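Before any comments, here is the structure.
No value in this document is a laboratory result; all are computed from the given coordinates. Keep in mind that this is a model prediction, so the values were computed, not measured. For neighbour counting, all protein chains shown are included, and Cβ atoms are generated from backbone atoms with ideal geometry for every residue, glycine included.
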Amino acid sequence: MQLRQQLLSLAPTIYTLSGIFEECSASDAEAPVAAPDSDSTSSLLPSSSLRTKAKILFSAPPSYHSPASLSYALPPVTSSKHTEVACLGRSNVGKSSLVAALLGGGAGRGKGPLVRTSKRPGCTQTLNLYSLQGHPYFYLVDLPGYGFARAGGGQRETWLEVTLSYLNSRGLDVLRRTLLLIDARHGVMKHDEAAMDLLDEHAVPYQLVLTKVDALKHESEREETLAQVLRLCTQRRHLACWPIVHVTSSRTGEGVEALRECLASLVYQE
């Protein structure tokens, strides 16, 4: 109940923590990094075959599915290959823009034709689902944004209902990962921590993705933000959080390919 009240009051580069910060580029290695111990973190670096699969997967034309309300029938799970990845974040975190970049609207290529973006926070108020013709059982789910200050109590209640209805209807074998987007300009805010608590409470595996990193003009700003995010996601109370942080910019395209490879590893279970 306390968590519910807290939520209702709310309006590629891969980084991992292993004693020190490591910047893992795609050329660093071809094999997974072994986990030293249970208290350390490791990052699965993409193999050449995974990079190829990611390129094939995301080069296919995307399809948009009508907004899903509480009464909307989610795609039926008809195969063990059915994979869903959800995107969650504060309003104005750049969620729809990142989804557009992942689906083909990366830097220099314009907006994804099927993903509607807006400069007005709180535009996404329903579930929006996208599939890729390169894999008939893969869905990218754009969840409503949270934390919009001007949202009324009824709208916040609807957000919670829609989000919880979706999370509770999908098992771990279907919802493989939730991407919790964090605005790099602000770091993890109380709204984001409440969302992390929600995902932990419902045992939904998630990982943090920094957006708008191009807005950080100095390396010290990036390091400070990463330190805060990594410190938080490795706390023992956040048991459902993967200790991997992706750093992205939908404007410049930074980190988009690495995030695609991460999603491909979930689709193809590598």
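Below 10 angstrom from the Cβ of Tyr206, what's the summed charge of the other residues (Lys, Arg +1; Asp, Glu -1)?
0
Please compute the alpha carbon radius of gyration of the range 177-266, then divide it by the globular-protein estimate 2.2 N^0.38 Å. Two decimals is fine.
That ratio works out to 1.05.
Work out, step by step, the length gained on full extension between Asn168 and Arg237: first 0.36 nm times the residue separation, then minus their alpha carbon distance; give nm to one decimal.
Net length gain for the segment: 22.8 nm.
Listed here are the pairs Lys53/Lys95; Lys95/Lys212; Lys55/Lys81; Lys55/Lys217; Lys55/Lys212; which of them are more than 21 Å apart at the Cα?
In this structure, Lys53/Lys95; Lys55/Lys217; Lys55/Lys212 exceed 21 Å between Cα atoms.
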